[in-house]
Amino acid sequence: MYHSISDDPETGVHPYFKVCTSPRRFGEQMQWLADQGCRGVTLSEGLAHLAPETEDKENDGGKKPVAITFDDGFRDFATAAFPALQRHGFSATMYLPTAFVSEERKHFKDRECLTWGEVRELRNAGAEFGSHTVNHPRLVQLGWPAIEAELRDSRTDLEQRLGAGVDHFAYPYAFPQAEKEFARRFSDLLRTAGYRTNVTTMIERADSQSDRLALPRLPANSDDDHELFTAKLAGAYDWMGSPQAVTKAVARWVRPGSRPVAIREKSK
Ligand SMILES: [Zn+2]
């Protein structure tokens, strides 16, 4: 899960909440993926590899697919991220908050956003696009009709702009996984609106058992050096299920001189 590929140091922001990855670090991370025998792919492609009938088979010469996703529709996806992806023959999925994408340049969180022209060019070059709502609201704070409108209107806009179906959604802000009733009803709304998948802030690697309408991701930013990045890929954070566990692990992660938490293979 990436956001912006830019040199903003985000001074004063806790490492866990940083959303910027420097272009240099992003380039290194893509190289580390390649070095690990991985291939960066869109969410659609990643999920196709996770289907039970293909999960255990070798694909693409045995290269492990890693779905790479971007939230928020920033322009640096076109200028910094995509060229780095292309150097390795990788692709990715970008989730757009559609109110901030226009034929004219708009801004979101003080950063430049993609234009529809750039979105179309990137799509022609192999990037995949999904919805990140219209207005990027905190959905839990809205009534159900407003949530429904965010899901429906962003999808309609994307479909009209791209001339193709839109299957994928990314939940803005922290996914309220503890609120079971909300999560259940939200899944129903996603399905009704026509989405097949929803990626969230739940930290884990997805597997064939993962709920397609509440998929986990691994956050990445400039602080992911080689050791931390490869530990995440290997599954070091798959067990960070509860907020308490996250807090504890992050405390270890940010202690000066500390090493990443121990790698534990996920039990199948
Ligand atoms: Zn977002």
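Numbers at a glance
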quantity: Every residue from the range 12-35 that is exposed (fewer than 15 other Cβ atoms within 10 Å of the Cβ) and either in a helix (DSSP H, G or I) or of a type in the set (S, T, N, Q) (or both); calculated: F17, R24, Q31, D35
quantity: Per-region count, the range 97-112, residues surrounded by 13 or more Cβ atoms within 10 Å (Cβ to Cβ) and acidic (D, E); calculated: 1
quantity: Qualifying residue in the range 69-90 (condition: of a type in the set (A, V, I, L, M), over 26 Å from L33 (Cα atoms) and surrounded by 16 or more Cβ atoms within 10 Å (Cβ to Cβ)); calculated: no
quantity: Residue in the range 169-193 that is farthest from G130 (Cα to Cα), counting only those that are within 16 Å of the ligand (Cβ to nearest atom) and either among the polar types (S, T, N, Q) or touching a Phe, Trp or Tyr at 6+ places or on another chain (Cβ under 7 Å) (or both); calculated: P176
quantity: Counted residues, the range 3-20 - those being in contact with a helix residue (DSSP H, G or I) (Cβ under 7 Å, 6 or more places away or on another chain) and either of a type in the set (K, R) or within 16 Å of the ligand (Cβ to nearest atom) (or both); calculated: 4
quantity: Sole exception among (1) at pLDDT below 55; (2) surrounded by 13 or more Cβ atoms within 10 Å (Cβ to Cβ); (3) outside any helix (DSSP H, G or I) for A249, by number; calculated: (3)
quantity: Strands (runs of 3 or more DSSP E) fully within the range 138-241 counting 2 or more residues that are among the polar types (S, T, N, Q), within 15 Å of the chain's Cα centre (by Cα) and surrounded by 15 or more Cβ atoms within 10 Å (Cβ to Cβ); calculated: 197-203
quantity: Selection status of S91, in a helix (DSSP H, G or I), hydroxyl-bearing (S, T, Y) and in contact (Cβ under 8 Å) with a residue 12 or more places away in the chain; calculated: no
quantity: Residue satisfying all of: in the range 107-133; in contact with a Ser or Thr (Cβ under 8 Å, 6 or more places away or on another chain) and part of a loop (DSSP other than H, G, I, E, B); farthest from A34 (Cα to Cα) among these; calculated: T133
quantity: Positions within the range 11-27 being in contact (Cβ under 8 Å) with a residue 40 or more places away in the chain and of a type outside the set (A, V, I, L, M, F, W, C), in sequence order; calculated: H14, P15, Y16, K18, T21, S22, P23, R25, G27
quantity: Single residue of the range 113-134 satisfying the filter (touching a residue at least 12 places away in the same chain (Cβ under 8 Å) and surrounded by fewer than 17 Cβ atoms within 10 Å (Cβ to Cβ)) that is nearest to the ligand (Cβ to nearest atom); calculated: R123
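The values are calculated or read from the model by the stated rules, or taken from the named source; none is laboratory data. It should be emphasised that the depicted structure is a prediction, and the values quoted were computed from it without experimental measurement. Cβ sites come from the backbone with ideal geometry, for glycine too, and all protein chains shown count toward neighbours.
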